[in-house]
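Data first, discussion second: the structure below is written as C-alpha cells.
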Amino acid sequence: MATMEIQADMQRQMDEHAKVLDEKLQKLGSAPLTEPEREMLPSDPDLAKLENWFTYHAPTPDDVEAYRLLRNGGLMLARSIVLMCPPSADRTVALRKVREAIMVANASIACNGK
C-alpha cells in the first residue's frame, strides 16, 4: 500500500473512531466530542506506534538469544524473591513486576526499540 493510501486509511480509521465515540456519548446523554477532544484522539505517529506494537515480529537468532538471557535473569531474580521474601501481597507484586519487566524488555527487542 502506498504511503498516501496508508495515511488516508489511518485518517478514515480515526474518523470512524471519533464517530463511534460520539455515538456512545450520545447514548449516555453526553454531548458529541468537541474539537479539542477530537484533537486528543491518537495522531498519526501514535497510530504508527500501535501498528508496530500489535504486529508480529519474527525473532532473529540474536533476538532469541537476548530473550533467553533476559528470561534467565528474570528467573534468577524471581527465585531470589521467593527464597528471601516471606509470602505476602508484596512478594506477589514483586514477582509480577519481574514478569512484567521481562515481558516489556522482550517487547522492546521485538519492536526494535520503537
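The values are calculated or read from the model by the stated rules, or taken from the named source; none is laboratory data. Predicted, not measured: the structure shown is a model, and the values here were computed from it. Backbone-built Cβ (ideal geometry, glycine too); neighbour counts: all protein chains shown.
Do we find that ASP63 is modelled with pLDDT under 85, within 24 Å of ALA107 (Cβ to Cβ), assigned to a helix (DSSP H, G or I) and under 21 Å from the mean Cα position of the chain (by Cα) in this structure?
Details: modelled with pLDDT under 85: no; within 24 Å of ALA107 (Cβ to Cβ): yes; assigned to a helix (DSSP H, G or I): yes; under 21 Å from the mean Cα position of the chain (by Cα): yes.
No: the conditions fail for ASP63.
Quick check on ILE109: is it over 23 Å from the mean Cα position of the chain (by Cα), modelled with pLDDT of 80 or more and surrounded by 13 or more Cβ atoms within 10 Å (Cβ to Cβ)? Break it down stepwise before answering.
Values: over 23 Å from the mean Cα position of the chain (by Cα): no; modelled with pLDDT of 80 or more: yes; surrounded by 13 or more Cβ atoms within 10 Å (Cβ to Cβ): yes.
Criteria not met by ILE109.
Inside the stretch 20-45, can you point out the residues that are of a type in the set (Asp, Glu), at pLDDT below 70 and surrounded by fewer than 11 Cβ atoms within 10 Å (Cβ to Cβ)? Step through it out loud before you land on a result.
Going through the stretch 20-45, the residues of a type in the set (Asp, Glu) turn out to be 22-23, 35, 37, 39, 44.
Filter again for at pLDDT below 70, leaving 39, 44.
Passing the criteria: only GLU39.
Sort through LEU77, LEU70, LEU47, LEU95 and tell me the only one that's within 27 Å of GLN13 (Cα to Cα), in a helix (DSSP H, G or I) and either in contact with a helix residue (DSSP H, G or I) (Cβ under 6 Å, 6 or more places away or on another chain) or charged (D, E, K, R) (or both).
One residue alone meets the criteria, LEU47.
So, in the stretch 80-92, of the ones that are of a type in the set (S, T, N, Q) and in a helix (DSSP H, G or I), which residue ends up nearest to MET10 (Cα to Cα)? Walk me through how you get there before you give the answer.
The initial filter retains those residues of the stretch 80-92 that are of a type in the set (S, T, N, Q), namely 80, 88, 92.
When the remaining residues are screened for being in a helix (DSSP H, G or I), the result is 80, 92.
Details: SER80: 47, THR92: 41 Å.
Here the residue is THR92.
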